[in-house]
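Let me begin by presenting the structure, written as structure tokens, before commenting on it.
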Amino acid sequence: MATSSDEMKTKPSWRRFEDGANVWEDLTDKIFMEDSSHKCPTYVHKTPPCQGSCPSGEDIRGWLQIVRGLEQPPADMDWREYAFRRSTDANPFPAMMGRVCPAPCQDGCNRNALEDFVGINAVEQFIGDSAIDNGYRFAPPPPDTGKRVAIVGGGPAGLAAAYQLRRRGHACTIFEANSALGGMFRFGIPGYRVPRDRLDAEIQRILDLGQVEVRLNTRVGRDLAVAELERDYDAVLWALGCQSGRGLPVPGWEGTPNCVSGVAFLKAFNEGRMKVTAAKVVCVGGGDTSIDVVSVARRLGHLPEHAKRDLPETVIHDGYLAHDTAGAAAAEGAEVTLTSLFSREQMTAAEHEVTDATREGVTILDGVMPLEVLKNAEGRATGLRVADCRMEEGRPVAVEGTERVLEADLIVSAIGQGGDLSGLETLDNGRGLIDADKFHQVPGRPGHFVAGDIIRPHLLTTAIGQAWVAVESIDAYLGQSEQRRRPKVDVHHFNLLDKLAEVERAPQPFVVGEAGDLRGTSAADYAVHNYEDRSGAEVIPHDELYLGHFNHHARNLRQEQVPSAEQVLAHFAERVAGLSEAQAVDEAKRCMSCGMCFECDNCVIFCPQDAVFRVDKAARTTGRYVDTDYSRCIGCHICADVCPTGYIKMGLGE
């Protein structure tokens, strides 16, 4: 009888096997040989795809295990603080990234093969907000090494680098061209997505580590020469970011006053200078920046009668002007249109952000390309001529007969960003960016390192991950040690030996004279028996898991305050409300612990020979829960078949 649709939605274990999948096709995989086999189980740790998909390389599985109560903290630490410390090993901004990261980790989550991904961002936001509310601080840095590093740029990459440098005992100075730290966190993302009090708290926590000097309103290459940095510091990290927007490559754009970049538009808003926008705004993009532009434009509205000083471009182009706050109170709703070369499904902006923008009253025209900016006698743009398009060999081609004009009082280009290396031309690779090798060193410039968008504009989480790699390279350079080869899966891995040491259960020292016969280690206390760490080389896919173990468990959704088109004007309340503690714990329990034992006991229960057993409580910890008595094991592979996480492999003996 066929499985009903309702049962498929609530009991997804039906997906585990297809007809015929119970037959071993390859003779070498036929485990049973009468009553024995040469293959026995070994416990193999692999990296989960959430972590493998995270550009910051966070130990996502690790902090989810802590939140769910599976991995216990040290005796003197609350689990919330323990989760915060594990999370911030890679990323010092859990409250920020839990809100704004587009979450490639969730795209990679193996639970997508079951019913729905784990809400990793939601749990991360809970960890970050709890840390701020409880006043958690970073662990004190080690003794100062006497080394000083110049960090050029105080955005996500620069701040993350300062954090990682202090954790290694190095002092640093951040040179920031703007009036405040934060980079794209502060100047590129609206406050209703990144609450400024939370951002300030996470930045201050880094500064509280000490030996982090900050020099604001200081542009290297203008206010300070590169030679001075080389003279006064032991290394230089370039984390400039890309805060110059690209204009539209169409006739009429260049020099037109009311044609502006998305970066400049958002900076003017986030600095508090732009209080109103235009009556008709057209934004060309399709990524996250364009969504922020159109959402802000809908919230600001326009003045029905305005003086020249109230035009939005007057404050976007000139950092010394600002709109009058009192006048902005008379604003009315703006007509806002977003165009994208790609179909809605192919837009790079997060799907829910596109949906929210539509709810807020933004008109989205997908599969449309800009052709020309139309201007009046005064030289101001009055419209954008566009046409439907199709992609041919990666380039848009206009569809004949589909041309039309979108009326516009302000045209915003959000098609990409570039670096501004004026005064730093010797670093320019010819594309307005800085080259980096695999260790994030600047080729041909000893002592110079680079991280973040200035290498290639990408995600905030990418910049944070690059800062970690760059700091490891800086640390090696300052210590005059050879760069270690980076692993194939280059993330913050769970380390069983570190965990055993944390709970005071580390293996005993190996003494050759006392070791005796070295061929067997099943009872030796100087080795971790039967455990193999492949996390640096392998990411575990969903087809190595026993999905039949997991029941349907609906995702805990964060509540979003998305205003309607009628409510959006002047609606600047935070859009995403975090999970409660109970919801965060429940969501963490949805994690399938891919590649790591989560103590389900299936292998112990189903072993017909009682060969698999729980490790004694005195030696047990995360990653060290079960063991095998090989004198009993017959190689039947049942333990591997029923292991939900893919942690048990029939490999020993090969």
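Structure notes:
- Using only the C-alpha atoms, the convex hull of the chain corresponds to 204 Å³ per residue.
- Rg of the Cα atoms in the stretch 246-413, relative to 2.2 N^0.38 Å, amounts to 1.00.
- Length released on extending from TYR531 to GLU482, taking residue separation times 0.36 nm less the Cα-Cα span: 14.7 nm
- Overall Cα dimensions of the stretch 531-587 - principal axes, largest extent first, Å: 57, 28, 22
- Look at TRP468, TRP63 and count the other Cβ atoms within 10 Å of each Cβ; fewest to most, that gives TRP468, TRP63.
- For ALA381, net neighbour charge (Lys/Arg +1, Asp/Glu -1) across residues whose Cβ lies under 9 Å away: +1
- Cα long-axis angle, helix 156-166 against the chain (0 to 90 degrees, to the nearest 10): 50
- Residue-count net charge about GLY169 - beta-carbon cut-off 12 Å; Lys, Arg +1, Asp, Glu -1: +3
- Residues in the stretch 178-205 reached by a label modelled at GLN567 [backbone nitrogen below 12 Å; 7 Å Cα→Cβ]: none
- Distance in nm between pseudo-label sites at LYS438 and GLN609 (7 Å out along the Cβ direction from Cα): 4.2
- Extending 7 Å from the Cα toward the beta-carbon at both GLU407 and MET391 defines two label points whose distance is 3.3 nm.
- Charge sum, other residues only, whose C-beta stays under 12 Å from GLN106's C-beta, Lys/Arg counted +1 and Asp/Glu -1: -2
- Neighbour counts of C-beta atoms inside 10 Å place MET596, MET369, MET77 in the sequence MET77, MET369, MET596, starting with the fewest.
- Approximate spin-label separation ASP232-THR382, in nm, with each point projected 7 Å along Cα-to-Cβ: 5.4
- Working ranking of peptides 283-291, 578-586, 144-152 by packing, defined as the average number of other Cβ atoms within 10 Å per residue, highest first, is 283-291, 144-152, 578-586.
- Residue exposure sequence - THR88, THR363 - by fewest surrounding Cβ within 10 Å: THR363, THR88
- Nearest-ten-degree value, helix 120-133 long axis tilted from longest Cα axis of the chain: 80
We did not get these values from a lab; they are worked out from the coordinates using the rules stated. This one's a predicted model, so the numbers in the text were calculated from it and none came from an experiment. All Cβ positions, glycine included, derive from the backbone under ideal geometry; neighbour counts span all protein chains shown.
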